[in-house]
Amino acid sequence: EIPSEPGTKESDISATKKLQEVKFWTANIDSKDVPQIKSEMQYFAPDRYYIKQTNNELIIIGKDGYIKGENGKWEKSEEDYSSMINVGSKQLAESLMNNLQGVKVVGEEKLKGKDVNIYSYQVPTPTKDIAIIKVWITKGDNLLLQTEVETKLPTTSQKIITGYDYGEPVKIEVPQIK
């Protein structure tokens with residue numbers, strides 16, 4: 001295991017937990033290496049999500065899920081997306097936090113007009129590859145502003161960037177079903 005700089009692991013854990021505690025946020029996910037992952041996600045506490053990908057949209061309100069497919073029409077889903085997204089995100093956060101290695105501060109800068117610390121760490125993946133993760137965390141209020149996850153595979157690497165915004169309140173409603 002790679003040792004972490006003192007206090008850095010706690011700062012990352014705090015920012016990740018805070019993401020689950022704020023009232024709302026918007027995230028934009030992008031990758032030059034994996035273009036199909038490009039998506040937008042919105043969250044409004046405690047249980048409303050909106051996810052837009054290239055070919056579909058998904059709204060989750062409580063246990064109810066609504067899907068808008070390529071035909072452009074919203075349909076109510078029989079799946080319980082809330083448990084998948086809530087359990088999945090909590091398990092992922094816990095797994096990441098338990099497996100952080102080599103956490104260190106790698107810089108400071110301004111991002112979206114805010115002063116941030118940049119942290120870097122490594123996390124082993126289920127396939128035994130290593131994911132190198134950089135996070136941009138605001139100074140003062142300790143909000144996660146950006147993540148960059150680079151997974152080095154035997155023949156290639158993939159980089160996925162997620163940017164978070166907490167400024168513009170989001171509204172997630174039940175869609176019109178025709």
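Of all residues being modelled with pLDDT under 90 and touching an Asp or Glu at 6+ places or on another chain (Cβ under 9 Å) in the range 63-73, which is nearest to Lys171 (Cα to Cα)? Just the residue, please.
That would be Lys63.
Quick test of your reading of the structure: Lys76 fulfils all but one of (1) closer than 26 Å to Ala131 by Cβ; (2) surrounded by fewer than 17 Cβ atoms within 10 Å (Cβ to Cβ); (3) at pLDDT 80 or above. Name the failing condition by number.
Unmet condition: (1).
Of everything in the range 138-151, what is exposed (fewer than 15 other Cβ atoms within 10 Å of the Cβ) and touching a strand residue (DSSP E or B) at 6+ places or on another chain (Cβ under 7 Å)? Give them in sequence order.
Lys139
The values are calculated or read from the model by the stated rules, or taken from the named source; none is laboratory data. Keep in mind it's a predicted model, so treat the numbers as computed, not measured. Here the Cβ is made from the backbone with ideal geometry for all residues, glycine too, and neighbour counts use every protein chain on show.
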